[in-house]
Structures are given as C-alpha cells and as structure tokens.
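K.L.:
My questions will all concern the structure given below.
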Ligand SMILES: Cc1cc2nc3c(=O)[nH]c(=O)nc-3n(C[C@H](O)[C@H](O)[C@H](O)COP(=O)(O)OP(=O)(O)OC[C@H]3O[C@@H](n4cnc5c(N)ncnc54)[C@H](O)[C@@H]3O)c2cc1C
C-alpha cells in the first residue's frame, strides 16, 4: 500500500492522549496527521515547578516535530482546530481543512472559574507554559515589590508589607503549588532579602469541599493537610470562593487579602468537544461509548481529559495523564486492528496508583490497598515523573536540577520577565487592615 492509499487518521492535540495515539498508530499501515496549536508538548504535571521557579519551560516541554522525528508516517501540523464537518469527514483548521478516515480528538481540558471568567486576570491558572510563567512573574514580583516598599526611605518604621499568597483549589495542583510556595518562602528565600522576611509570607490554600485531595482516600487527605501545615501552609476547607478582585478573595462574608491569587480549581473541557455534536457533561466532556467512539460516528474517537467514561465500578475516570495515555493507545490499537478485520475492544483503565506531591520530601501515594505518605511517596513521585518526561536530555537535566536544589535549597529560574505591574498591589496593602 503506498502512502496515498493508506487510510488517514487525524489526531487533534499532542498532549498525553494524542502523542500515545500517534506513536502507537505509527506501527500500523495508516497515514497520520497530528495537529496541535502549539509546536511543543507540555509535561503538565511539572508546570508548578515552572510557576515556582524550580525549572525552566524548556525542561518540561519538547517540540512535537522532534518527538515524532522517527515516525515517518506521522505528519505534524501546527494549527488551531476550529470545527469539524462529520458528514464530509473533515477537520477545519486555521488556514484550511484536512480530511480523515478516522478522527481522534484529544484536545484536553483546562481550569474553570465557575461561570466567573472575569476573575481570570486576577487569578491566573496553571494549564499552559504561559500561565506558569505568569504565576512565576507575580510570585517573584510580589517579593521584589515588598522589599522595595520596605526599603523605601518613606517607610520610616521599616515595616514590611505582609505578603499573602492565596491558592484556590485543594486538588493535586493546588496542594503542590501551596506546598512549594511555602518551601520557597520559608527555606529558599530565607536569606536573600534584607528588608523583608520572606518567612512571614502567609500562604493560604482554599478548598471548597470538606478536605484537600478529595479524590484520594481520607487518610491520605488528612496526611496531606498535616504535611502542608508542617510546611507552613494555612489550609481552609469548606471555603467556597464567592468573589475575586485585585488584591483579595471573598469567601462568603469574609474577605481575605491576597497579594497573589493562584487558581487551581474547576474543570472545563476544550470547547472542541461540543463541536462534535455529541452529548457532553456539565464540564463539556464528551460522553463516549465504551470503545471511546462517539454515538453514531464509529470513526470518531475522543480520548483523555475531553472524554467522559465510567469505569467498571460506575465511577468517572479521572482527568489524569495515565488515563489519557492508555485511552490514546487503546484507540490506536482499535483502529489498527479494525483495518485488519478484527473487532474493537472496549476500553478498560488499569489504575496503577495515584501520587500527589506536596513539597520537599512530602507527598502522598495511593496504590490501592497500600497508602504511603512522606519521603517514600515523594521519592516514588519523583522517579515516576522523571521516567515519563519526554526526552533523555530533559530527564537528565531535571534530575540534576532537583538533586541540586534538594542539597542546596537553590532555585535556578528566578527571573521576572515582562510587565512589572502586579494587579492589586496598592489596594492589597491598603486593605490589609481588613484581614479576615
Ligand atoms: C497543572 C497540572 C498538573 C497536573 N498534574 C498531574 C499529575 O501529577 N499526574 C497526572 O496523572 N496528571 C496530572 N495532570 C493532568 C494531566 O496533565 C492531564 O490529564 C493530561 O494532560 C490529559 O491529556 P490530554 O491528552 O487529554 O490533554 P492535554 O495534555 O491537555 O493536551 C491537549 C492538547 O491539545 C491541544 N489543543 C487544545 N485545543 C486545541 C485546538 N483547538 N487546536 C489544536 N490543538 C489544540 C493543546 O495545545 C494540547 O497540546 C495535571 C494537569 C495540570 C494542568
């Protein structure tokens, strides 16, 4: 079969699901077009390290074209996908259309502001490299502005401003952000400023539900909360955010001063899901068949964070990298085998465990019946994340960076780039008196 006569599979999104689908499909006699709006794949589980100046963006990302360099049947296109015409079997992109015989949609999900998108400028989230760099800019800038204010000759009493970092959302992302911020302010920066004391930084983690890490067993949630408190994080549970404005966060009637607000709550699936015309859940995830295809279109599959599927026990599969990877791989095999005349298989998730890091030597791990907390959990987290990072160079660099910062408490990427304005900086100082 020459390249032109082979069936064409178009994969939208080069995240965990799309990449695994492309790599697996490359073993079958198909032409593959992998489309992503960015030219690089991001290892999202380490974005918080970029936001807290531990790693640089290029250490957690890799060019898609480079990742696919050995898979000759994979064509990579950098383009924003805008729509689909399922009757003509085309994907509509920025700058044209591509036809498909099979379509795999793996466009992922992002955080959501519970219908309050106007909060986004004051509380950026952690989904992209750009978002992580914006968080890093705000966090670092807050320390610099506080030092400048405390050192100013107008400030006769040399009183330093209280820095308040508020992290909204007690899931894995919120927990690792809050824990790392505590570590940075209490240990890494302890000796770097002359007029302020970074150790006084207040770090508050707000969780709307009754416990942090709600998807984990209760004992691990408790352990995570204790480990966070030990690092110096103030954890507030059942704290539903009702308003976000420059310099503060409201929880019902009370107002919490917030020099920097970091958003790590809610899930909103890519809007591309709705463009398929299939049913979606409240977060916009596509309700897929057991083989991950959509009803009425066996040639269209949705995988990863954008797909909504229940496991054997009736629980929704979580939006985590292993689910996306296994779904991408299973879909590729289903397409490849179908072309050989074999029947499709339903998708079954093999849960190898969940890990959430909290900070230096602090983490929790849920391996089914075995629950682990602290240093051992953290070591497992560290090695698993290094193992799954794409590219040997990145793995080596990240391992060296982590070993270095573990031994020396140094963080290398301490750079403020771009704007030097911090939303709400003046207001937050004036409103500090109204601390809740
Ligand atoms: C901060 C953070 C921390 C996380 N930590 C963990 C963790 O520790 N462990 C874990 O298992 N999971 C973690 N996750 C979840 C995990 O990253 C996701 O479950 C996984 O990335 C989902 O893979 P995906 O392929 O469905 O989507 P994604 O990886 O999000 O990839 C989607 C791709 O689609 C592209 N795309 C989107 N829209 C378009 C469009 N219109 N046109 C073209 N391209 C488009 C995007 O550019 C992106 O490359 C974390 C997520 C975040 C945000």
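The values are calculated or read from the model by the stated rules, or taken from the named source; none is laboratory data. Bear in mind that the values here come from a model prediction, so they are computed numbers and not experimental data. Note: ideal-geometry Cβ built from the backbone for every residue, glycine included; neighbour counts use all protein chains shown.
K.L.:
Does residue 405 satisfy the condition of being away from the ligand (no atom under 16 Å from the Cβ) and touching a strand residue (DSSP E or B) at 6+ places or on another chain (Cβ under 7 Å)?
P.N.:
On the way: away from the ligand (no atom under 16 Å from the Cβ): yes; touching a strand residue (DSSP E or B) at 6+ places or on another chain (Cβ under 7 Å): no.
So residue 405 fails the test.
K.L.:
Another question, then. Would you be able to say whether some residue in segment 90-113 is over 19 Å from the mean Cα position of the chain (by Cα), within 25 Å of residue 263 (Cα to Cα) and surrounded by 14 or more Cβ atoms within 10 Å (Cβ to Cβ)?
P.N.:
no
K.L.:
I've got another one for you. Residues of segment 348-366 being away from the ligand (no atom under 14 Å from the Cβ) and over 13 Å from residue 228 (Cβ atoms), which ones?
P.N.:
Those that are away from the ligand (no atom under 14 Å from the Cβ) and over 13 Å from residue 228 (Cβ atoms): 348, 361.
K.L.:
Does residue 374 meet the test of being away from the ligand (no atom under 14 Å from the Cβ) and farther than 30 Å from residue 181 by Cβ?
P.N.:
Details: away from the ligand (no atom under 14 Å from the Cβ): yes; farther than 30 Å from residue 181 by Cβ: no.
Taking the combined requirement at face value, the residue does not satisfy it.
K.L.:
How about segment 83-114: which of its residues are touching a residue at least 60 places away in the same chain (Cβ under 8 Å), away from the ligand (no atom under 13 Å from the Cβ) and over 18 Å from residue 302 (Cα atoms)?
P.N.:
113, 114
K.L.:
Right, here's the next one. Exactly one condition in (1) near the ligand (Cβ under 8 Å from one of its atoms); (2) under 16 Å from the mean Cα position of the chain (by Cα); (3) surrounded by fewer than 24 Cβ atoms within 10 Å (Cβ to Cβ) is not met by residue 47; state its number.
P.N.:
(3)
K.L.:
Can you find even one residue in segment 394-402 that is more than 28 Å from residue 14 (Cα to Cα) and part of a helix (DSSP H, G or I)?
P.N.:
Checking segment 394-402: not a single residue is more than 28 Å from residue 14 (Cα to Cα) and part of a helix (DSSP H, G or I).
K.L.:
Let me ask something else. Being crowded, with 18+ Cβ neighbours inside 10 Å and part of a strand (DSSP E or B) narrows it down to one residue among 357, 331; which is it?
P.N.:
Going through 357, 331 in turn, the sole match is 357.
K.L.:
State which residue is nearest to residue 404 (Cα to Cα) when the search covers only segment 43-60 and only residues that are in contact with a helix residue (DSSP H, G or I) (Cβ under 6 Å, 6 or more places away or on another chain) and outside any helix (DSSP H, G or I).
P.N.:
55
K.L.:
Would segment 327-340 turn up any residue that is over 17 Å from residue 304 (Cα atoms) and in contact with a helix residue (DSSP H, G or I) (Cβ under 6 Å, 6 or more places away or on another chain)?
P.N.:
No, there is no match, as no residue in segment 327-340 is over 17 Å from residue 304 (Cα atoms) and in contact with a helix residue (DSSP H, G or I) (Cβ under 6 Å, 6 or more places away or on another chain).
K.L.:
Take residue 416 and decide whether it is part of a loop (DSSP other than H, G, I, E, B), at negative phi and modelled with pLDDT of 90 or more.
P.N.:
Yes; evaluated as a whole, the condition is true for this residue.
K.L.:
Go through 294, 335 for me and flag whichever is at pLDDT 95 or above and within 16 Å of the ligand (Cβ to nearest atom). Talk me through it step by step, then tell me what you get.
P.N.:
Numbers: 335 fails: within 16 Å of the ligand (Cβ to nearest atom).
Among 294, 335, only 294 is at pLDDT 95 or above and within 16 Å of the ligand (Cβ to nearest atom).
K.L.:
A further question on this structure: Within segment 2-13, how many residues are outside any helix (DSSP H, G or I) and either without any contact (Cβ under 8 Å) to a residue 24 or more places away in the chain or more than 10 Å from the ligand (Cβ to nearest atom) (or both)?
P.N.:
Here is the first cut: in segment 2-13, the ones outside any helix (DSSP H, G or I) are 2, 6-13.
From what's left, either without any contact (Cβ under 8 Å) to a residue 24 or more places away in the chain or more than 10 Å from the ligand (Cβ to nearest atom) (or both): 2, 6-10.
Going through segment 2-13 one residue at a time, the tally reaches 6.
K.L.:
Are any of the residues in segment 14-34 assigned to a strand (DSSP E or B) and surrounded by fewer than 24 Cβ atoms within 10 Å (Cβ to Cβ)? Walk me through it before giving the result.
P.N.:
First pass over segment 14-34, keeping only residues assigned to a strand (DSSP E or B): 31-34.
From what is left, the residues that are surrounded by fewer than 24 Cβ atoms within 10 Å (Cβ to Cβ) are 31, 33.
Checked segment 14-34: at least one residue is assigned to a strand (DSSP E or B) and surrounded by fewer than 24 Cβ atoms within 10 Å (Cβ to Cβ).
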